[in-house]
Amino acid sequence: MKDRADPHVSTAGGRPGGLRRPSWARLDQKISPYLYVLPFFVLFAIFGLYPLGYTVWISLTDQSPMSPETSFVGAENFTRLLEDSRFWNSVGNTIGMFIVATIPQLMMALILANWLNRRLRGIGFFRMAIAIPIVTSTAVVALVFGMFFARDYGLANGILEMFGMERIDWRASRWTSWMSIASMVDWRWTGYNALIYLAAMQAISRDMYEAAELDGASRMRQFWQITVPLLKPTIIFTVTISTIYGLQLFTEPLMFTSGSGALSGGSTGQFQTITMYLVQVMRTYHQWGYAGAIALVLFLLIVVMSAINFLLVRRISSDR
Amino acid sequence: MSVRPTRTRTILATLGVATLLLAACGGDDSEPEASDAEAPEAAAEDDDGDDADTTDAEQITLVVDVFGEQGFGYEALYEQYMSENPHITIEERGAGLGLGDYNDRLVQQITAGSGAGDVVALEEGTIVQFYAQLDKFVNLADHGAAELESNFLPWKWEQGAPGGFVLGLGTDVGSMAMCYRSDLFEEAGLPTDRDEVSALWTTWEDYIAVGEEFEAADTGQGFLDAATNVYNTMLMQIAGNNSGYTYYDPDNNLDLDNPDIKAAWDLTIEMIEKGLSTGLNSFSDEWNAGFQSGSFATIACPAWMTGVISGAAGDDAAGLWDVADAPGDGGNWGGSFLAVPAESEHPAEAAALAAYLTTPEAHVEAFEALGNLPSSPQALGDDAVLAATNEYFNDAPTGQIFGAGAQDLQPVVLGPQNNAIRTAYEDALRSVEQGERTPDEAWQNAQDTAAGIG
């Protein structure tokens, strides 16, 4: 855009006492586009850039409501972070839960979308139905699943007992709590991803499938050799979005426990995510500077993870 | 071909879902309005009163921030105050909010200098952290509060007035008792009369022995709700009788080697190892459900806990719970103060309201409403308190049981990050209850976490 605008500037400027109208029109042409996009950038500066800059600044200080003075501490918060076992525990939990939740979720979404990409009676209903969980509030989902996985009166344990199995304290151990939380995430987001896949699948020309069928390719083969490769950009998109969401996982694990100490994410922090630790450091420990450092590291982590996923997905799809 | 009708249907379906959602949202919105119905009425009354008075007093609204499942039991006092001061409308926020959430929010509001109420409740364990932010609060002494000193127990007054700056006026104290389910005690073949039960456990070791007896009877229910509650109770009691502080020494330095912590910890571990604890997460949904279904037979019971129990257990369990003396000697857990943030637009009126809500008479009123034990010696000596019985708790003489210990309570010093550190120890105890860590690992972990917070 700049390249195109520049010549205009030089010609307009180089004509002294030029005709008013055309120069106004040119000025209008030059400036108006910027004015049209200005509102977004003003809002972005207020709600995006300023908080980001402030976070960088605060992460270099020891600011806390508990102490009247704030002093500059340089990189101290970051060096402390490197040795903080609770932080790394939360990183492990977040990535672990992300993997446990996201991989089956995207697989299921793909399969679901493939099923829904057929001409069936009442397919519109089914397509709508899978979207319902998206419009359910996360807090409500977490509450319902929290009751489902309750230790003493939960439905999950009731079913286990019906089949003569032992009750499980779902919140107590790492794996059971991860599975419970992953089930919440998947219930909510599988339909969303399926819808995106479905939209992309409908853009694939029917001719390709018909040709494949004539060549005797099975449905399975069609799926892997036509659908999946053509969905590559869409898969990259959903993986990136899921990564960002997964690394910021907060409400589900927080609401998974009610009562005191919910931010601790279990008695040994077995399902405390990075964002939960961040909020605990900020709100419960009142160490705002340190919380700022955690926020920045989380930001970097998301960038790195998204890049890794992007490369992985690109590789896998092009191999096929 | 068949695409178009499908799309139309999809759009229709989307609209349908959207309508449902909107309807649901509308429903949500209308609920608080309905429950707030009193507020507009009160405002209307005020307008009338204002016209009649023909005073130039400006109509103002004072916001009172409290916490806890049932609030602070001030409803009748608000009514009274508003009818005496027709130009003031009182709005209460926070009933139903847990202390942790309430306090986190309050810290942000106070630090940001906006959003806090005109009168805010500060809990015993959290008031300490606001000592560092006295400039954010109104010194109530500037509004005549200094004369009120004799209305409060001396240590309660000192907690609320660090260095002579009157930050908060005391509301209640949490002197200790032990609440128990008499029906479960009967089932286990234990005495059910509260005096006999009190006599069963003069020490915590006795309490453990009774617990073993209860477990041996195999009622299928637990003896106590959660290790964390009994731990907090014992720590406050042991600290009160020994060092006088818990995690921080009186100079606000972290002292995690305080033997009182370990003493309370060891007793709690013994209870867990003997299988006495139900292992519920305190103040959780399941813990609340446990009161209704009677999953546990006893719970450490500071005075304010009686309100929690009757609220959680509901009318069906009325008369099943009873109150006996707590094992050991004395002790206090909890209790609050009312303060006025400097950001309040009406500091004088807010200070007057805080003073009104903490008069000896108001303490008696709050005790009758919710069982919150007065921190005012006059109120503690008041016949209405001394003779008070709690119908819900099988007509237990709660005034006597809780009031007896309150007059000569030993204060315990709590440090600035008390709540955060307490959570670290609570988490550690839960990990032992769940069998995730050995007691030694858990202890080490709590110490490490606490050191990182302090």
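Okay, here's what the table says:
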| quantity | calculated |
| --- | --- |
| Residues of region B:279-296 classified as outside any helix (DSSP H, G or I) and either of a type in the set (Ser, Thr, Tyr) or more than 7 Å from chain A (Cβ to nearest Cβ) (or both), total | 7 |
| Hits in region B:158-167 - residues which are in a helix (DSSP H, G or I) and surrounded by fewer than 19 Cβ atoms within 10 Å (Cβ to Cβ) | B:Glu158, B:Pro162, B:Gly163, B:Gly164 |
| Residue match in region B:82-90 (condition: open to solvent by 40 Å² or more (accessible area, probe 1.4 Å), of a type in the set (A, V, I, L, M) and part of a helix (DSSP H, G or I)) | no |
| Top-ranked residue of region A:120-139 - restricted to ones that are free of Cβ contacts under 8 Å to residues at least 12 places away in the same chain and either over 25 Å from the mean Cα position of the chain (by Cα) or more than 10 Å from chain B (Cβ to nearest Cβ) (or both), ranked as surrounded by the most Cβ atoms within 10 Å (Cβ to Cβ) | A:Gly124 |
| Subset of region B:368-384 (residues that are farther than 17 Å from B:Tyr74 by Cβ and either surrounded by fewer than 24 Cβ atoms within 10 Å (Cβ to Cβ) or not assigned by the TED database to the domain that holds B:Ala76 (or both)) | B:Pro377, B:Gln378, B:Gly381, B:Asp382, B:Asp383 |
| Residue match in region A:178-197 (condition: within 12 Å of chain B (Cβ to nearest Cβ) and surrounded by fewer than 17 Cβ atoms within 10 Å (Cβ to Cβ)) | no |
| Checklist (1) outside any helix (DSSP H, G or I); (2) within 13 Å of chain A (Cβ to nearest Cβ); (3) surrounded by fewer than 20 Cβ atoms within 10 Å (Cβ to Cβ) applied to B:Ala116, failing item | (3) |
| Filtered residue count, region A:139-164, keeping only those that are in contact with a Lys or Arg (Cβ under 6 Å, 6 or more places away or on another chain) and modelled with pLDDT of 90 or more | 1 |
| Scope region B:83-113; condition more than 13 Å from chain A (Cβ to nearest Cβ) and under 18 Å from B:Glu345 (Cβ atoms); matching residues | B:Asn85, B:His87, B:Ile88, B:Thr89, B:Ile90, B:Glu91, B:Glu92, B:Arg93 |
| Counted residues, region A:232-267 - those being more than 14 Å from every other protein chain (Cβ to nearest Cβ) and open to solvent by 30 Å² or more (accessible area, probe 1.4 Å) | 10 |
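Yes/no matrix, rows are residues, columns are (1) within 8 Å of chain A (Cβ to nearest Cβ); (2) modelled with pLDDT under 95; (3) open to solvent by 20 Å² or more (accessible area, probe 1.4 Å):
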residue	(1), (2), (3)
B:Gln407	no, yes, yes
B:Gln410	no, yes, yes
B:Leu414	no, yes, no
B:Asn418	no, yes, no
B:Ile421	no, yes, no
B:Gln434	yes, yes, yes
B:Ala442	no, no, no
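Matching residues to (1) of a type in the set (Phe, Trp, Tyr); (2) more than 30 Å from A:Arg219 (Cα to Cα); (3) open to solvent by 20 Å² or more (accessible area, probe 1.4 Å):
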position: A:Ala75; (1), (2), (3): no, yes, yes
position: A:Leu81; (1), (2), (3): no, yes, no
position: A:Ser90; (1), (2), (3): no, yes, no
position: A:Val100; (1), (2), (3): no, no, yes
position: A:Pro104; (1), (2), (3): no, no, yes
position: A:Met108; (1), (2), (3): no, no, yes
position: A:Ile111; (1), (2), (3): no, no, yes
position: A:Arg118; (1), (2), (3): no, no, yes
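The values are calculated or read from the model by the stated rules, or taken from the named source; none is laboratory data. None of these values were measured; they are calculated from a predicted model. No Cβ is skipped: glycine too gets one built from the backbone with ideal geometry, and neighbour counts run over all protein chains shown. Keep in mind that these areas ignore ligands, DNA and RNA; they rest on the heavy atoms of the full protein, side chains included. Shrake-Rupley method; radii C 1.70, N 1.55, O 1.52, S 1.80 Å.
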